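Written out below as structure tokens is the structure these notes cover.
What follows is calculated from the coordinates using simple rules that are stated; it is not laboratory data. Predicted model only: the values in this text are computed from it and were never measured. Cβ atoms come from the backbone with ideal geometry, glycine included; neighbour counts cover every protein chain shown.
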Amino acid sequence: MSVRTVATTPFSDQKPGTSGLRKKVPVFQKPHYLENFVQSIFDSIAAPAGSTLTVGGDGRYYNREAIQIILKMAAANGFGRVLVGLGGILSTPAASCVIRKYQTFGGIVLSASHNPGGPDGDFGIKYNIGNGGPAPEKVTEAIFARSKAINEYRILETADVSLDVIGESRLGDMTVQVIDPVADYADLMESLFDFSSIRGLLAGGFRLKFDAMHAVTGPYAREIIEKRLGAPAGSVMNSVPLPDFGNGHPDPNLTYAHELVEIVYGDHAPDFGAASDGDGDRNMILGKGFFVTPSDSLAVLAANATLAPGYKSGLAGIARSMPTSAAADRVAQALGIPCYETPTGWKFFGNLMDAGKVTLCGEESFGTGSDHVREKDGLWAVLFWLNVVAARKQSVEAIVREHWAKFGRNVYSRHDYEGIPTEAANGVMKHLHDSFASLTGSQLGSYKVLFCDDFSYTDPIDGSVSTGQGVRIGFTDGSRIVFRLSGTGTEGATIRIYLEAYEPDVGKHHLDAQVALAELIGIALQVSQLRDRTGRDAPTVIT
Ligand code: G1P
Ligand code: ZN
């Protein structure tokens, strides 16, 4: 067993996006491609010899092969121990939990989140730092810089190590410790939420359906929801993780989780529906025939947080990504706690949580979480909702409507235009930039533009500045339109349009969001010239 140093040449496209490096599987399978990136991580993080690393992924196609390569490279790069989930599996929040609980130096998480998998699907890799969260921009930039200069990588020449039995084995001088991927995470959940009251709710006939979408949360949800909370077998659907997610698109929204949506909006619907994504960090919450927007979900959880044992002493603060609705801001104001507005991507929440400034955070993209880990956490959000429902003894819909009546409703929707040629997408964004001066102060239908800018963020903890985080058009009544290019796609460009209008009038809270936002949608298309510039006349996905 010897360490081989392999000569290589850089790839120019290894710049991590919103959440790590994501490419099609065949790109990662190119000779040296994964190895270059992994060596670039190791070269950038300066882990002391003998450090421990956490490794796991969402089980998608190429997960096992990638993990074998990473283990052999970790051994050749001086790591002393690697904690790896059984079968190479760790959901993203479980990986964060393991990094924190066992204080490993960092972790490598293999996932392309909600993107489809399979031999022609997507694959991804990201590095998480010792707080359990995604590496901040200064680290990802260092990794990218290294990837452009790399000329060799180190790998142990040895047979594959078994990942299918819990226990320890040796890889050169390094120990590979295969761990139960579910237990630590499930214990953490049990420490945060009132499991006995949720058990009581379920024993009393409250019916739920959780859609694991053939992705990583199946085993987690079966252990927690069916075993520890006693929900009847079958409450977790699509619970067997598959490398291609059963040919599905494991994104928990009204479009892709249609199987669940049909059940929850159908006859004999359960009282509660929820879904999580490929790697278990996203969530969708549904009541009987009722959809909770992720922005509202964050606000409702914040307003009810003290009902859960883990949050009974209150929240230090709340953070939301810029495009997320301001519903949470209103709760923060009522609670007298700060609310931070960060760029898109979970990596911006870590510093605020480490500094004790925020407890809950969320994104409109079906991401909700807290300082229990440093990733968003799908099942955590589901359990939090169940805890709130059990404590309040009200339906999901009643809880949300009561919330709106108290705080007003931030009517919200996101329109995605996927697979746009990059030049056309850049043209839309440039046109918007060029229009800032003429738009500011102008009257557009019944809306008057208060400001137009490209969002910049200065991290209050370390002072780092992130620019170009999305075009904002703010109106005098607090309504907003935001335009961003996706940073997670692997094909062409995706334009996201985020629309938000504040509605204090309870008499209008029943309106469908698309109806209530119709005028803003028209304004967004007009000011961006999106239809002319892209040739598209409708969004690909509306959430
Ligand atoms: C998307 C979401 C963003 C989320 C990220 C990772 O990124 O919009 O909120 O943090 O996925 O789940 P985007 O493709 O917009 O860059
Ligand atoms: Zn995800």
- prompt: So how do 429-438, 361-370 stack up, highest first, on mean other-Cβ count within 10 Å?
  reply: 361-370, 429-438
query: Can you list the residues, at least 5 places off or on another chain, whose amide H is less than 5 Å from the amide H of V236, using H built in the peptide plane?
result: F210
- prompt: Taking 0.36 nm per residue of separation and subtracting the Cα-Cα distance, what length does fully extending D187 through E262 add?
  reply: 23.8 nm
statement: Sorted by chain and number, the residues with a modelled amide H under 5 Å from that of T540, at a separation of 5 or more or across chains, are D416, Y417, E418
- prompt: Near the amide H of D281, under 5 Å away, which other amide H atoms are found, from residues 5 or more places off or on another chain, if H is placed in the peptide plane?
  reply: T92, G378
- line: Looks like the range 122-183, by Cα gyration tensor root eigenvalues a ≥ b ≥ c and the a/c under 1.5 rounded cutoff (else prolate when a/b is bigger than b/c, oblate otherwise), is oblate
Considering only the range 47-194, percent of DSSP beta bridges that pair antiparallel, nearest 5: 40
statement: Per the C-alpha gyration tensor (a ≥ b ≥ c, the square roots of its eigenvalues), the chain is rounded if a/c is under 1.5, else prolate if a/b beats b/c, else oblate; here it's oblate
field: Residues in the range 387-427 that a label on D505 would reach, taking backbone N under 16 Å of a point 7 Å out along Cα→Cβ
entry: 405, 408-411
- prompt: Between K430 and V465, what FRET efficiency comes out of the Förster formula 1/(1 + (r/R0)^6) with R0 = 25 Å and r the beta carbon distance, rounded to 0.05?
  reply: 0.70
field: Farthest positive-ward along the chain dipole, Cα basis, beta-carbon charges - from C339, G17, G87
entry: C339
field: Prolate/oblate/rounded call for the range 482-543, Cα gyration tensor, a/c under 1.5 rounded
entry: prolate
statement: The local net charge around R480, scoring Lys/Arg +1 and Asp/Glu -1 for residues other than R480 whose Cβ lies under 11 Å from its Cβ, equals -1
message: For a protection proxy built on the mean count of beta-carbon atoms within 10 angstrom, sort 160-167, 319-326, 272-279 highest first, please.
response: 272-279, 319-326, 160-167
message: In whole Hz and in residue order, list the ³J(HN,Hα) couplings for the range 107-122 that follow from phi through the Karplus curve 6.51 cos²θ - 1.76 cosθ + 1.60, θ = phi - 60°; x for Gly and Pro.
response: x, 10, 10, 9, 5, 10, 6, 8, 6, x, x, x, x, 10, x, 9
field: the range 185-327 - share of DSSP beta bridges that are antiparallel (%, nearest 5)
entry: 55
query: Per residue of the chain, what 222 nm ellipticity follows from adding -39500 (n - 2.57) for every DSSP H run with n ≥ 4, rounded to the nearest 500?
result: -9000 deg cm²/dmol
task: In whole Hz, with x marking every Gly and Pro, tabulate ³J(HN,Hα) for the range 477-491 from phi via Karplus 6.51 cos²θ - 1.76 cosθ + 1.60, θ = phi - 60°.
output: 8, x, 5, 8, 10, 10, 10, 9, 9, 5, x, 10, x, 10, 9
message: Using each residue's phi in the range 210-223, evaluate 6.51 cos²θ - 1.76 cosθ + 1.60 at θ = phi - 60° and report the 3J(HN,Hα) Karplus result to the nearest Hz, with x for Gly and Pro.
response: 10, 9, 7, 6, 6, 10, 5, 6, x, x, 5, 5, 5, 5
query: Just for the chain, what percent of DSSP beta bridges are antiparallel, to the closest 5?
result: 70
field: Mean-position separation - Cα centroids, the range 299-325 and the range 64-137, in angstrom
entry: 28
